[in-house]
Amino acid sequence: MKTKILSTIAIITLSFATNAQIDRSKMPTPGPDPVVKLGTAEKFSLDNGMTVIMVENHKLPRVAATLRIDNQPYFEGEIAGVSSMMGSLLGRGTTKISKDNFNEKVDFLGANVSFNSTSASARSLKKYFPEVLSLMADGVKNSQFTQEEFDKEKEVTLENLKSLEKNIPVIASRVESILVYGKNHPYGEFTSKTSVNKITLADVKNNFNTYYRPNNAYLIIVGDINPKETKKLVTKLFADWKKGQIAAAAFSAPENLSTTQISFVNMPNANQSEIAVVNTIDLTLGDKDYYAALLANKILGGGGGARLFKNLREDKAYTYGSYSRVGQSRQTNTATFRATASVRNMVTDSSVVEIQKEINKIRYQQVTEKELKDAKEEYIGGFVMDVQKPATAANYALNIALYNLPEDFYANYIKNINSVTVADVQNAAIKYFRGDKARIMVTGKGIEVLKNLEKTDYVISYFDTEGNPTEKPAMTMPIPAGMTAKTVVNKYFEAIGGKDKVMAVKTTMMVANATIQGTPLVMTMKASAPNKTSQVVSVMGNVASKTVFDGTTGYSESRGQRMDMKAEQIAEAKSGNALFNDVSYMSGELVRIEPIEGKNAIVLKSNDTEVYYDMTSGLKIKEVKTVKTPDGKEVKTPTVFSDYKEVNGIKFPHTIGQKMGPMDLEFKIKEVKINEGVSDADFK
């Protein structure tokens, strides 16, 4: 017992001694970079050109096979969409087995087999893998294309196209590709109703026989396998897959714009705008500045901690997320840099400005050491996690083959990431993030976004949903049939409480507060039917100005000076309704529908005043009066109404915004009285 106690005391003492040696006021020194042990991939090739990559992993009794056909892009022309249709028809029966029997067999084995125009895949338990891979190989080599299945697929394709006719993101992506690459480039052509209707069964068979060949194929197998046995199995199943003659397609490299401009696609049904700042780049995996480009993008828009996200979402609340992406391609100048966001219509112009600001900032100002350090850690962390997966070794082996990379490319990945400097990041940003030669794609509701978008410094070009140049969209919507000034005003009366209640009002008294250049003022407004009015503005308890009309004549008084109303002012005062001017607006005319802060307003013109009524609520939201200055110039003076609250059964706006010269005043209504607090003495 004594020995145990002494041992325990010794351990505790040692623990205290160890802790005493740790200075917890200092950050721990970073350890060395992790040593990455990449999985081993075995490779072999068949005589027909297909390369096979195998990776053993015995953790689970499962095997996955993926076939990739790595042909160069080719142009489909008038039958655009034929390869996609061919891919959809693959595996729907072969020369050896019917479609139903094929599907039943896959289901019975608890497996998954799928095909598309450039790939195929098979996944199953180890014990069923030879049979499942045999089914995939049969579909790859011997798919049978019947008229019945072709007709079904054609109908489905046309229905899908119809369902996407008003899909904003799909249209935005399509037009972007057309404008960036051109309609005569494989990346710029698109599937349309016209092209699908031109596709025949013979076209599908010809596409399969021409391009679905092993010449440029890679088969990747990962899982619980014996490489020797797997090699025999693959050779048995795929050696008779015949090589084809695949012509190399040549296309001119797309070019960026000479100067940044906006390409706008009008979508009247858009509730938000799709924005993409795009330029093509010539970047390939393994390029000297590849890692610097990755890190520059990570800092700019590579996630929730990046600059674009922090600016447009966290700071401005314009969007749920804004991101950027830098691509890479083996074809010259066909990769792209993209900075994107889906934003509210009313902040489309501001979002464009902020995205461009962040792009130009990372180009012309070096990132901080902390930003670079954080980006490196995130990339290295993701890389270290990925190498734990068996499929990663196969994917790395595939990339080394596709891009002709050195065998130690991924072994040196962490070292190459860590070698990037802030200067390297800036150089990559200048080279690849071409804010000065970008195409700013905006797809949205023209009537709501163009007015402000035109205030930016960029030239705007207009395109339809198929990328054809078009005219600027109409900035007004048609006025609904049957809608008149009278129906609009009556809807307003119903919205504020009902016409009967409105007509029963004989007098009103309102008191409002505002601040002008830091000085509080009080405005008291009184009115009596039909057209008597009084408005008194007090500052610090003293009357600063007063305007009165007694139904026959009137005057304005300010700073001790009185000015009687002129004849035209008297005529205007007599013609109006002191309590609700809207009564006189019934004889006006409807001129247009205009969006205001995301809502459509019907605009009614009465003499020199335009009145805006919300088309949904019916409430009056703005008046714009045109007045002439002493020198004959016309000036528009807007008054904005909001925050409607009920008083004795009638809604009155409790916030009124007015523009007086360079100043914007906001009056808060503090008191409203109906049919009380007003006498004839108020209009003397």
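Values quoted throughout were computed directly from the atomic coordinates according to the rules given, and no laboratory measurement underlies them. None of the values given here were measured: they were computed from a predicted structure. In this analysis, Cβ positions are derived from the backbone assuming ideal geometry, glycine residues included, and neighbour counts consider all displayed protein chains.
Which parts of region 77-100 would a label at ASN206 reach, counting a residue when its backbone N lies under 18 Å from a point 7 Å out along Cα-to-Cβ?
Those under the cut-off are 77-87.
Please rank ASP424, ASP608, fewest neighbouring Cβ atoms within 10 Å first, as an exposure proxy.
The order, fewest Cβ neighbours first, is ASP608, ASP424.
Based on the mean of other Cβ atoms within 10 Å per residue, sort peptides 456-465, 531-540 so the most packed one is first.
Taking the mean over residues of other Cβ atoms within 10 Å, the ranking is 531-540, 456-465.
Using helices alone, I'd like the mean residue ellipticity at 222 nm for the chain: each DSSP H run of four-plus residues gives -39500 (n - 2.57), total over residue count, nearest 500.
-10000 deg cm²/dmol
With each label point set 7 Å from Cα along the Cα-Cβ vector, what nm distance links LYS373 and VAL459?
Simple spin-label model gives 4.6 nm for this pair.
Please turn the phi angles of region 550-558 into ³J(HN,Hα) values with the Karplus equation 6.51 cos²θ - 1.76 cosθ + 1.60 (θ = phi - 60°), one per residue in order, whole Hz, x for glycine and proline.
Using θ = phi - 60°, the values come out as 9, x, 10, 8, x, 7, 10, 9, 8 Hz.
How far is helix 201-211 tilted off the main Cα axis of the chain, in degrees rounded to 10, range 0 to 90?
Tilt relative to the chain: about 60 degrees.
Can you work out the FRET efficiency for the pair PHE383 and ALA250, with r the C-beta to C-beta distance and R0 = 45 Å, to the nearest 0.05?
The computed FRET efficiency comes out at 0.80.
How large is log10 of I(q)/I(0) for region 526-684 at q = 0.15, 0.18, 0.20 Å⁻¹ when the intensity is taken from the Debye formula with one equal scatterer per alpha-carbon?
For region 526-684 at q = 0.15, 0.18, 0.20 Å⁻¹, log10 I(q)/I(0) is -1.01, -1.51, -1.79.
Arrange the peptides 477-487, 569-579 so that the one whose residues have, on average, the most other Cβ atoms within 10 Å appears first.
569-579, 477-487
If the chain between ASN112 and HIS58 were fully stretched, how many nm would it gain, using 0.36 nm times the residue separation less the Cα-Cα distance?
That pair, ASN112 and HIS58, stretches by 17.5 nm at full extension.
Mind running the shape call on the chain? Use the C-alpha gyration tensor, a ≥ b ≥ c as the square roots of the eigenvalues: rounded below 1.5 for a/c, prolate if a/b tops b/c, oblate otherwise.
It is prolate, given that a/c is not under 1.5 and a/b is the larger ratio.
At 7 Å along Cα-to-Cβ for each site, give me the label-to-label distance between ASN103 and ASP680 in nm.
Taking the two extended label points, one gets 9.1 nm.
Assuming a ≥ b ≥ c are the square roots of the Cα gyration tensor eigenvalues, decide whether region 451-493 counts as rounded (a/c under 1.5), prolate (otherwise, with a/b larger than b/c) or oblate.
Cα axes put region 451-493 in the oblate bin.
Taking H placed 1.01 Å from N in the peptide plane, check which residues at least 5 places from ALA544 or on another chain put their amide H under 5 Å from its amide H.
Amide H to amide H, under 5 Å and 5 or more residues apart or across chains, ALA544 pairs with VAL537, SER538, VAL539.
Compute the convex hull volume of the Cα atoms of region 261-463, divide it by the residue count, and report the result per residue in Å³ as a whole number.
132
How long is the gain from SER163 to SER556 if the chain were fully straight, where each residue apart is worth 0.36 nm and the alpha carbon distance is subtracted?
Value of the extension gain: 135.1 nm.
VAL156 to LYS232: extension gain in nm, 0.36 nm per residue of separation minus the Cα-Cα distance?
23.4 nm
Along the Cα→Cβ direction, 7 angstrom out, place labels at THR655 and GLN517. What is the inter-label distance in nm?
Label at THR655, label at GLN517, 2.6 nm between them.
Could you go through region 350-360 in sequence order and give the Karplus-derived ³J(HN,Hα) for each residue, using 6.51 cos²θ - 1.76 cosθ + 1.60 with θ = phi - 60°, rounded to whole Hz, and x for Gly and Pro?
My calculation for region 350-360 gives 5, 5, 4, 4, 6, 4, 5, 4, 5, 5, 5 Hz in order.
On a 0 to 90 degree scale, rounded to 10, what angle separates helix 485-496 from the longest Cα axis of the chain?
So the helix axis and the longest Cα principal axis differ by about 90 degrees.
Label point 7 Å out from LYS670 along Cα-to-Cβ: which residues of region 515-535 have amide N under 20 Å?
Within reach of a label on LYS670, which here means backbone N under 20 Å from a point 7 Å along Cα→Cβ, region 515-535 contributes 515-527, 534-535.
Would you work out if region 493-577 is rounded, prolate or oblate? Take a ≥ b ≥ c from the square roots of the eigenvalues of the alpha-carbon gyration tensor; rounded if a/c is under 1.5, else prolate when a/b is larger than b/c, oblate otherwise.
oblate
Compute the helix-to-body angle for 2-20: its Cα long axis versus the longest principal axis of the chain, expressed 0 to 90° and rounded to tens.
60
Out of the GluC sites (Glu not before Pro) in region 449-523, which ones are loop residues according to DSSP with at most 16 other C-beta atoms within 10 Å?
GLU454, GLU466, GLU471
Can you give the FRET efficiency for THR487 and THR629, using 1/(1 + (r/R0)^6), R0 = 35 Å, r = Cβ-Cβ distance, to the nearest 0.05?
It comes out at approximately 0.50.
For region 420-433, take each phi angle, set θ = phi - 60°, evaluate the Karplus expression 6.51 cos²θ - 1.76 cosθ + 1.60, and give the result in whole Hz per residue in order, putting x for glycine and proline.
These are the phi-based 3J(HN,Hα) values: 6, 10, 4, 5, 4, 4, 5, 4, 5, 5, 4, 6, 9, 9 Hz.
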